[in-house]
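Visitor: Sharing a structure here in structure tokens format.
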Amino acid sequence: MQLPMPPQMAPPPAPRRSRAWLPFLVIGVVLAAIAATIVVVTTAGGPAAGGPDAPRTSATVPNVVGMRADQAVAALNSAGFRNVSTSFTGELWQRTVLLQNPAALTTAPRDTSIALSVSVPAPTRAPVTTTVKPPPAPAKAITAREWALIARSPDAHSGESVVVYGQVTQFDSATGPTGFRANVDGVAHKVSYGYADYDTNTVLTADTAATLGDLVNKDLFTAEVTVLGSYTYETTMGGSMTVPKLAVQKITVTGQAK
């Protein structure tokens, strides 16, 4: 008797592999995506550090020595150097840059203090005008009438050179060494009984005492003079007197009288 065959058993199922790594894979993919996004945003947002368009904090100091000071400051400002000081203030256009620190063509941070030593303009001086005093005209001989006209209106004859005659009436410490008073006329008077009759009170003056030589009171003289005009002085009586004033060019003592 044939025994029945036992039923054929199905093969056991293959063991299932664990998928515990799957969450880590997903997290890694997400992180990679985020990192890529950051890189893209950073790249699109501006130039990379150190690129040609990156802002520079240093620059080359331009050479401004010899420039007018105001133009030198403008050149430094254009190069990015805003902290510029000068050794003098005021009108910079009148000054020239002599030295600069830091030196020209060196590289320095833009916020570096740039010091400029500038020239001081020479003080403006008014031109000196030298007035050359023209020599007096040759003295001419005059008449008594011509002298009377001069004595009456000295200012009207100012600058005229004439020959006069007279006698010294005061030459002392009150008049000084370069001036004296005399009675004067345009013609010589003869001495009569020891007196000379000259009656026009006149003030005479010279550039130096040497011009008057050894002239003293009561001397008689002949003089070449230039009319200066009228002159007013205080008298010892408390009043004033206006007389002709003459500048002595040459004087000669001819004698003395009372």
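Visitor: Please check which bits of the range 185-221 a label hung off V253 would reach, taking the label as a point 7 Å along Cα-to-C-beta and the cut-off as backbone N under 14 Å.
Guide: 210-221
Visitor: Where a Cα-Cα gap under 18 Å defines reach, which lysines qualify for K258, not counting those fewer than 8 residues away within the same chain?
Guide: Here the lysines satisfying the reach criterion relative to K258 are K190, K218.
Visitor: At 7 Å along the Cα-to-beta-carbon direction for both T235 and T175, put a label point, then send me their distance in nm to one decimal.
Guide: 1.7
Visitor: Ratio to report: Rg/Rh of the range 134-204, with Cα atoms as the point set and Rh obtained by the Kirkwood method; give two decimals. Could the numbers behind the result be given before it?
Guide: Working: Rg = 13.1 Å, Rh = 13.3 Å.
Rg divided by Rh gives 0.99.
Visitor: Sorted by average packing, counted as other Cβ atoms within 10 angstrom per residue and highest first, what order do 84-91, 108-115 take? Can you show the working numbers first?
Guide: Details: 84-91: 13.2, 108-115: 15.1.
Top to bottom by mean Cβ count within 10 Å: 108-115, 84-91.
Visitor: Right, another one. Rg and Dmax in Å for the range 133-258, alpha carbons only: what are they?
Guide: For the range 133-258, the Cα radius of gyration and maximum Cα-Cα distance read 13.6, 43 Å.
Visitor: Carbon and sulfur: what percent of the range 131-258's accessible surface (1.4 Å probe)?
Guide: On the way: 3930 of 7370 Å².
Ligands and nucleic acids excluded, carbon and sulfur give 53 percent.
Visitor: Still on this model: Enter the mean projected area of the convex hull around the alpha-carbon atoms of the range 189-252, in nm², rounded to one decimal.
Guide: Working: hull surface 21.6 nm².
Mean orientational projected area (the range 189-252, Cα hull): 5.4 nm².
Visitor: Excluding ligands, DNA and RNA, what is the solvent-accessible area per residue of the range 209-256 at a probe of 1.4 Å, expressed in Å²?
Guide: Working: 2660 Å² over 48 residues.
In whole numbers, the range 209-256 has 55 Å² accessible per residue.
Visitor: What figure in square angstrom, to the nearest 10, would you give for the accessible area of K258 with a 1.4 Å probe?
Guide: 130
Visitor: Using Cα positions and a limit of under 14 Å, work out the aspartates and glutamates in reach of K250, with same-chain residues fewer than 8 apart set aside.
Guide: Partners within reach: D207, D214, E224.
Visitor: Report the net charge of residues surrounding F81, where surrounding means a beta-carbon distance below 11 angstrom and charges are Lys +1, Arg +1, Asp -1, Glu -1. Write down the numbers at each step before the final one.
Guide: Details: positive: R82, R110; negative: D111.
Value of the local net charge: +1.
The values are calculated or read from the model by the stated rules, or taken from the named source; none is laboratory data. Because the structure is predicted, anything quoted here is derived from the model rather than measured. Cβ atoms come from the backbone with ideal geometry, glycine included; neighbour counts cover every protein chain shown. Ligands, DNA and RNA are stripped out before the accessible areas are found, and what is left, the full protein with its side chains, is counted by its heavy atoms. Shrake-Rupley method; radii C 1.70, N 1.55, O 1.52, S 1.80 Å.
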